[in-house]
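J.: Right, I'll just put the structure down here and ask away after.
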Amino acid sequence: MRFLRPFIFAVVLASAFFYFTTYRNGHFYPVNGISGPQHVEITEAAGGETLDSDKEGHILTNYHVIADARQVEVTLHDRKKYKATIVGTDKSHDLAIVQIKAPNLQPMILGDSTNLQVGQKVYAIGNPFGLAGTLTRGIVSSIRQVQEPDGLVIDEAIQTDAAINPGNSGGPLLNWHGEVIGINTMIASSVGQSAGIGFAIPINTAKAVVNDLVTLGRVRRPALGVRTIPIDPEVANELGLAADYGLLIVQAVPGGSADRAGLRGGTERAYLGNTPIMIGGDLVVAIDGEKVESQQILAQVMNKHRAGDTVKVTIFRGKKQLEVPVVLGEARDQV
């Protein structure tokens with residue numbers, strides 16, 4: 001699958017962006033309450049990228065750009081406007097795909113966000129405050145997990161000091177080769193404009209879900225089908241576990257992926273502080289050779305896969321280490 005140019009970057013005309021936030025106590029909060037847009041215009045250099053080699057005009061942008069829109073309109077570099085239909089949405093990754101019927105769309109190269117380095121030069125394109133086709137530059141300031149105002153989490157978000165303002169949402173963050181490495185989504189600010197702390201969704205996150213969005217209109221998010229508690233050395237010692245890290249399976253969801261693969265949940269009631277839990281289940285310590293030390297890491301591992309993939313789960317059952325192949329199911333089927 002190729003991604004086609006012009007890179008169409010989104011700007012909301014009917015309202016300000018609610019993703020202009022303030023940072024308190026480790027979380028981002030809206031500066032003020034702003035209602036969703038009724039009309040969205042997506043213009044070149046302000047909000048998404050056309051994709052596929054068959055020139056069907058699919059456009060990738062932020063979910064929050066089109067979330068409450070009744071009408072979506074796309075403007076290309078030649079100022080021609082096209083009505084767009086919403087093809088698929090993924091609220092949990094703040095991604096959406098819309099589609100237009102337009103001729104002569106040209107490919108744009110998607111990069112790889114895996115090995116970005118702090119200090120690496122980056123460029124953000126958008127329509128800040130309606131100023132079309134604006135490019136700003138900066139560096140990768142950090143790679144970190146951030147929480148959006150609505151509570152959703154972006155894993156391995158790209159933090160940059162390249163100026164990001166109203167009109168940049170959905171637009172690309174580029175490396176010095178002009179390859180897309182991220183999708184600009186929000187800033188941390190107390191004044192509603194750039195304060196040098198902006199965040200982009202890594203492009204690999206988008207590439208992992210775009211096929212589902214185009215073909216199904218939603219993401220078939222994979223799940224292991226377990227309820228777990230994280231294990232630290234103190235808890236491991238108290239329970240006599242074979243490893244001092246990992247996730248202890250409290251319950252394997254009946255009929256879920258783990259249950260079908262033979263993974264076991266707890267059988268004995270106990271208390272962790274004042275919280276009742278079931279102990280005696282399998283202890284998950286790795287998936288495909290990658291250490292699993294927290295539920296956050298498990299979520300990150302799941303984000304690299306799709307429902308139907310087979311993963312190798314390393315567990316301790318008592319003192320015995322086992323490797324169990326598990327075919328991942330769809331998350332919504334394993335609640």
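The values are calculated or read from the model by the stated rules, or taken from the named source; none is laboratory data. Here the structure is a predicted model, which means the values were calculated and not measured. A quick note on method: Cβ atoms are made from the backbone with ideal geometry, for glycine too, and the neighbour counts reach across all protein chains shown.
J.: Please go through segment 65-84 and give me each residue that is in a loop (DSSP other than H, G, I, E, B) and more than 21 Å from residue 186 (Cα to Cα), ordered by number.
T.: Of the residues in segment 65-84, the ones in a loop (DSSP other than H, G, I, E, B) are 67-70, 76-80.
Residues satisfying the conditions are 70, 76, 77, 78, 79, 80.
J.: Being surrounded by fewer than 16 Cβ atoms within 10 Å (Cβ to Cβ), among the acidic types (Asp, Glu) and either over 30 Å from residue 222 (Cα atoms) or at pLDDT below 90 (or both): is that true of residue 161 here?
T.: Criteria not met by residue 161.
J.: Condition check: at pLDDT below 90, surrounded by 12 or more Cβ atoms within 10 Å (Cβ to Cβ) and of a type in the set (Lys, Arg). Does residue 306 satisfy that? Can you show your working first?
T.: Numbers: at pLDDT below 90: yes; surrounded by 12 or more Cβ atoms within 10 Å (Cβ to Cβ): yes; of a type in the set (Lys, Arg): yes.
Against the criterion (at pLDDT below 90, surrounded by 12 or more Cβ atoms within 10 Å (Cβ to Cβ) and of a type in the set (Lys, Arg)), residue 306 qualifies.
J.: Mind telling me which of the residues 324, 313 ends up being touching a residue at least 60 places away in the same chain (Cβ under 8 Å), within 17 Å of residue 255 (Cα to Cα) and over 20 Å from the mean Cα position of the chain (by Cα)?
T.: Checking each option against the conditions leaves just 324.
J.: Turning to a different aspect of this structure: If you take the residues in segment 38-64 that are polar (S, T, N, Q) and under 16 Å from residue 184 (Cβ atoms), which one is modelled with the lowest pLDDT?
T.: First pass over segment 38-64, keeping only residues polar (S, T, N, Q): 38, 43, 50, 53, 61-62.
Those left that are additionally under 16 Å from residue 184 (Cβ atoms): 43, 61-62.
On the way: 43: 49, 61: 88, 62: 89.
If we take residues in segment 38-64 being polar (S, T, N, Q) and under 16 Å from residue 184 (Cβ atoms), then 43 is modelled with the lowest pLDDT.
J.: Would you confirm whether or not segment 141-155 contains a residue that is outside the structural domain of residue 88 (by TED's automatic domain parsing), surrounded by fewer than 21 Cβ atoms within 10 Å (Cβ to Cβ), in contact with a helix residue (DSSP H, G or I) (Cβ under 7 Å, 6 or more places away or on another chain) and among the acidic types (Asp, Glu)?
T.: yes
J.: Can you tell me which residue in segment 160-191 is nearest to residue 117 (Cα to Cα), limited to those that are of a type in the set (Ser, Thr, Tyr) and in contact (Cβ under 8 Å) with a residue 60 or more places away in the chain? Show your work before the answer.
T.: So the first thing to find is which residues in segment 160-191 are of a type in the set (Ser, Thr, Tyr), and the list is 160, 169, 185, 189-190.
When the remaining residues are screened for being in contact (Cβ under 8 Å) with a residue 60 or more places away in the chain, the result is 169, 185, 189-190.
Values: 169: 23, 185: 20, 189: 24, 190: 27 Å.
Result: 185.
J.: Has segment 256-267 got any residue that is within 27 Å of the chain's Cα centre (by Cα) and assigned to a loop (DSSP other than H, G, I, E, B)?
T.: Within segment 256-267, one or more residues are within 27 Å of the chain's Cα centre (by Cα) and assigned to a loop (DSSP other than H, G, I, E, B).
J.: Of 210, 214, which residue is within 29 Å of residue 309 (Cα to Cα) and either among the basic types (Lys, Arg) or surrounded by fewer than 21 Cβ atoms within 10 Å (Cβ to Cβ) (or both)? Full working, then the answer.
T.: On the way: 210 fails: either among the basic types (Lys, Arg) or surrounded by fewer than 21 Cβ atoms within 10 Å (Cβ to Cβ) (or both).
Checking each option against the conditions leaves just 214.
J.: Here is a further query. Only one of (1) in a strand (DSSP E or B); (2) under 17 Å from the mean Cα position of the chain (by Cα); (3) modelled with pLDDT of 85 or more fails for residue 114. Which number is that?
T.: (1)
J.: One residue is enough: does segment 243-262 have a residue meeting the conditions in contact (Cβ under 8 Å) with a residue 12 or more places away in the chain and basic (Lys, Arg)?
T.: So far as segment 243-262 goes, yes, one or more of its residues are in contact (Cβ under 8 Å) with a residue 12 or more places away in the chain and basic (Lys, Arg).
J.: Does segment 312-335 hold any residues that are buried (at least 20 other Cβ atoms within 10 Å of the Cβ) and within 11 Å of residue 223 (Cβ to Cβ), and which are they?
T.: Here is the first cut: in segment 312-335, the ones buried (at least 20 other Cβ atoms within 10 Å of the Cβ) are 313-315, 326, 328-329, 334.
Of everything in segment 312-335, those that are buried (at least 20 other Cβ atoms within 10 Å of the Cβ) and within 11 Å of residue 223 (Cβ to Cβ) turn out to be 326, 328, 329, 334.
J.: Within segment 268-279, is there a residue that is closer than 12 Å to residue 226 by Cα and either in contact with a strand residue (DSSP E or B) (Cβ under 8 Å, 6 or more places away or on another chain) or part of a strand (DSSP E or B) (or both)? Spell out the reasoning first.
T.: At the first step, the residues of segment 268-279 found to be closer than 12 Å to residue 226 by Cα are none.
There is no residue in segment 268-279 that is closer than 12 Å to residue 226 by Cα and either in contact with a strand residue (DSSP E or B) (Cβ under 8 Å, 6 or more places away or on another chain) or part of a strand (DSSP E or B) (or both).
J.: Has segment 97-119 got at least one residue that is small (Gly, Ala, Ser), touching a residue at least 24 places away in the same chain (Cβ under 8 Å) and touching a helix residue (DSSP H, G or I) at 6+ places or on another chain (Cβ under 7 Å)?
T.: First, the residues of segment 97-119 that are small (Gly, Ala, Ser): 102, 111, 113, 119.
Next, only the ones that are touching a residue at least 24 places away in the same chain (Cβ under 8 Å) stay: 102, 111, 113.
With touching a helix residue (DSSP H, G or I) at 6+ places or on another chain (Cβ under 7 Å) added as a condition, the list becomes 111, 113.
Yes: segment 97-119 contains one or more residues that are small (Gly, Ala, Ser), touching a residue at least 24 places away in the same chain (Cβ under 8 Å) and touching a helix residue (DSSP H, G or I) at 6+ places or on another chain (Cβ under 7 Å).
J.: Specify the residue that is nearest to residue 236 (Cα to Cα); the eligible residues are those in segment 284-319 that are in a loop (DSSP other than H, G, I, E, B) and small (Gly, Ala, Ser). If you could, list the steps in order and put the result at the bottom.
T.: Step one: of segment 284-319, the residues in a loop (DSSP other than H, G, I, E, B) are 288-289, 292-294, 304-309, 318-319.
Add one more test, that the residue is small (Gly, Ala, Ser), and what stays is 289, 294, 307-308, 318.
Numbers: 289: 21, 294: 14, 307: 31, 308: 32, 318: 12 Å.
So, considering only residues that are in a loop (DSSP other than H, G, I, E, B) and small (Gly, Ala, Ser), the one nearest to residue 236 (Cα to Cα) is 318.
J.: Shifting gears a bit: I'd like to know if segment 120-138 contains one or more residues that are out of contact with any Leu (no Cβ under 9 Å at 6 or more places or on another chain) and under 30 Å from residue 302 (Cβ atoms). First the steps, then the outcome.
T.: Just the residues of segment 120-138 that are out of contact with any Leu (no Cβ under 9 Å at 6 or more places or on another chain), to begin with: 120-121, 127-129, 131-134, 136-138.
Okay, now just the ones that are also under 30 Å from residue 302 (Cβ atoms), so 120.
Looking through segment 120-138, at least one residue is out of contact with any Leu (no Cβ under 9 Å at 6 or more places or on another chain) and under 30 Å from residue 302 (Cβ atoms).
J.: Given the residues 204, 274, 184, which is the only one that is among the polar types (S, T, N, Q), out of contact with any helix residue (DSSP H, G or I) (no Cβ under 7 Å at 6 or more places or on another chain) and crowded, with 22+ Cβ neighbours inside 10 Å? Lay out the reasoning, then the answer.
T.: Working: 204 fails: crowded, with 22+ Cβ neighbours inside 10 Å; 274 fails: crowded, with 22+ Cβ neighbours inside 10 Å.
Criteria check complete, one pass: 184.
J.: Filtering segment 282-303 down to residues that are touching a Ser or Thr at 6+ places or on another chain (Cβ under 8 Å) and at pLDDT below 95, which residue is farthest from residue 209 (Cα to Cα)? Step through it out loud before you land on a result.
T.: Within segment 282-303, the subset touching a Ser or Thr at 6+ places or on another chain (Cβ under 8 Å) is 284-287, 289, 295, 298, 303.
Subsequent filtering for residues that are at pLDDT below 95 retains 289, 295, 298, 303.
Numbers: 289: 23, 295: 21, 298: 18, 303: 9 Å.
Of everything passing the filter in segment 282-303, 289 is farthest from residue 209 (Cα to Cα).
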